[in-house]
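Novice: Please find one structure pasted underneath; my questions will follow.
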Amino acid sequence: MNGKSSNKMWGGRFASGPDAIMEDINASIDFDRKLYAEDIRGSLAHADMLATTGIISSDDRDKIVQGLNTIMSEIESGGFEFSRRLEDIHMNIEARLSDLIGPAAGRLHTARSRNDQVALDFRMWVRAEIEKTQTALTNLIGAFLNRAEEHADTVMPGFTHLQTAQPVTFGHHCMAYVEMFGRDRSRVRDALARLDECPLGAAALAGTGFPIDRHNTAGALGFSAPTRNSIDTVSDRDFALEFLSMAAICGTHLSRLAEEIVIWSTPQFGFVRLSDAFSTGSSIMPQKKNPDAAELVRAKTGRISGALIALLTVMKGLPLAYSKDMQEDKEQVFDAAETLELAIAAMTGMISDLKVLNDGMKAAAGSGYSTATDLADWLVREAGLPFREAHHVTGRAVALAEERGCDLADLPLEDLRDLNPSVNEGVYSVLTVEASVASRTSFGGTAPDNVREQIAWWRAQL
């Protein structure tokens, strides 16, 4: 390594450059090159503000702008040579700018530090990712709304403890995921509001004595205002933690959905069939059709949750203000963002072309005496029994049906009257799965008309 070149970048405090091990542990260019567009955009705004306030000349500003635009073109065309010797994206761009325009490049870093520079770059990158996530979630919710509309009347079993509980509709089940991903979308919007402050101008940690205009750069970079405390500004990674928190919760929702798809697509359940686009075969068993896309979504949630824990651990013991530990913030966020984007896209595709097996769902909906609660409710409503007594009578009816090997609807009226003399022919109107779901008209219930109302409400929100 050339010690003289390193000394040029680090300044006169260091007589020689770090050895190879120090270079390996210190360099971040291998991953923070991803921030090149944000870094250049921030520098363009900073240069313009320096010229507007008279801190640098218009001529120097114009040279800087021309040089930065050239560098942007070089990077995007693949012609830019990144150097680990120059540590990070900031110094790589600054060194190339110096090659292109000479001494004017040295004036760009006036009134800023790499501390506020990286805080800006990373915040802008996370902001763009959050906006992409918002769009992806909107598409996923839209896919669910379409399926819910198609299957507002399709009966399926609702489960608790993965045991058949009560009949619901597949449309209502789809709308449960709309609610989940809708909350994820609201967290995305909250995160965008909280990161809407510009770090540029905080400098190393104490601000600067130059007469900069931080409101100018904040506006130029699409922020509503500059941050209010320079110490917090350079030591804050809440925006990254919040993104990872949101991503981990969303990943958990995706994983729960993936698990249901895996279960539903088994021959034992037979509720859905995945398209060939999201399935694979077996190398030895020709009959197999494996839900690999769903399984991988389920697995990738661990990477996202791991990223959150990793960054929380990095930040938990850091005194104010900046510490080099914070260089470990980016790889976790980059990986989680890419993973989440892929998982949402895969799930949107799976839901969009999933084949729903109505007959299998309906057959399962009536299993396990799923209309038992409807019988108990009928005894309360029509026969005037207290619910606890109705619950007891219904339990005896279930035991009798189980003994006879039949459904509740197949028990003769005389047998039901033996359990309680108040029972009449009207009881059979609630013992079918269709009647059960149609009766659940309370707000948020599974009745098909309710489902359609909720679909309309969500379409309006989107």
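The values are calculated or read from the model by the stated rules, or taken from the named source; none is laboratory data. Computed from a prediction, not measured in an experiment: that's the story for all the values here. Don't worry about glycine lacking a Cβ; one is built from the backbone with ideal geometry, like all the others, and counts go over all protein chains shown. Protein only, heavy atoms only, side chains kept; ligands, DNA and RNA dropped before computing areas. Shrake-Rupley method; radii C 1.70, N 1.55, O 1.52, S 1.80 Å.
Novice: Find the centroid of the Cα atoms in segment 433-456 and in segment 27-101, then give the distance between the two in whole Å.
Specialist: For segment 433-456 versus segment 27-101, the Cα centre distance is 58 Å.
Novice: Which of the lysines could be linked to LYS289 by a straight reach, that is with a Cα gap under 19 Å, when you skip same-chain ones fewer than 8 residues away?
Specialist: Excluding near neighbours in sequence, the set is LYS355.
Novice: Among ILE55, ALA204, ALA248, whose Cα sits farthest toward the positive end of the charge dipole of the chain (+1 at Cβ of Lys/Arg, -1 at Cβ of Asp/Glu, about the Cα centre)?
Specialist: The residue sitting farthest along the positive end of the dipole is ILE55.
Novice: Okay, next question. Based on the alpha-carbon gyration tensor of segment 49-169 and its eigenvalue square roots a ≥ b ≥ c, which shape applies: rounded if a/c is under 1.5, prolate if not and a/b is larger than b/c, or oblate?
Specialist: Prolate, because a/c is 1.5 or more and a/b exceeds b/c.
Novice: Taking only protein heavy atoms and a 1.4 Å probe, what accessible area per residue, in Å², does segment 12-124 have with all protein chains in place?
Specialist: 44
Novice: With every protein chain present, what is the per residue accessible area of segment 283-411 (1.4 Å probe, Å²)?
Specialist: 51
Novice: Show that you can apply the helix-only estimate: for the chain, add -39,500 (n - 2.57) for every DSSP H stretch of four or more residues, divide by all residues, and state [θ] at 222 nm to the nearest 500.
Specialist: Calculated mean residue ellipticity at 222 nm is -20000 deg cm²/dmol.
Novice: A follow-up question, please. Given 0.36 nm per residue, what is the gain on full extension from GLU131 to GLU453 after removing their alpha carbon distance, in nm?
Specialist: 113.1 nm
Novice: In addition: Would you kindly find the accessible area of GLU414, with a 1.4 Å probe and non-protein molecules such as ligands, DNA and RNA excluded, rounding to the nearest 10 Å²?
Specialist: It works out to around 120 Å².
Novice: Please give the solvent-accessible surface of LEU312 in Å², to the nearest 10, using a probe radius of 1.4 Å with every protein chain present.
Specialist: Accessible surface of LEU312 is approximately 80 Å².
Novice: Given the alpha-carbon gyration tensor of the chain, what are the semi-axes of its equivalent ellipsoid in whole angstrom, ordered largest first, with each equal to the square root of 5 times an eigenvalue?
Specialist: Calculated on Cα positions only, the semi-axes equal 62, 23, 19 Å.
Novice: I would also like to ask the following. Hey, what did the chain get for relative contact order, percent, Cα under 8 Å, at least 6 apart? Mind showing how you got there, number by number?
Specialist: Working: 648 pairs, mean separation 74.7, N = 462.
Dividing the mean separation by the residue count of the chain yields 16 percent.
Novice: Dipole of segment 98-217, Cα-centred, from +1 at each Lys and Arg C-beta and -1 at each Asp and Glu C-beta, to the nearest 20 debye?
Specialist: The calculation lands at about 400 debye.
Novice: Per residue, how much space in cubic angstrom lies within the convex hull of the C-alpha atoms of segment 343-439?
Specialist: Considering the Cα atoms of segment 343-439, their hull volume per residue is 133 Å³.
Novice: Summarise the long-distance tail of P(r) for segment 153-199 by giving the % of C-alpha pairs beyond 18 Å.
Specialist: Values: 566 of 1081 pairs.
Percent of Cα pairs beyond 18 Å in segment 153-199: 52.
Novice: Given a Förster distance of 22 Å, report the FRET efficiency between ARG84 and SER323 from their Cβ-Cβ distance, rounded to the nearest 0.05.
Specialist: After rounding, the FRET efficiency stands at 0.55.
Novice: Still on this structure, I have one more. Keeping the other protein chains in place, figure out the carbon and sulfur percent of the accessible area of the chain, with a 1.4 Å probe.
Specialist: Result for the chain: 51 percent of the exposed heavy-atom area is carbon or sulfur.
Novice: So how do 393-399, 318-324, 37-43 stack up, highest first, on mean other-Cβ count within 10 Å?
Specialist: The most tightly packed comes first, giving 37-43, 393-399, 318-324.
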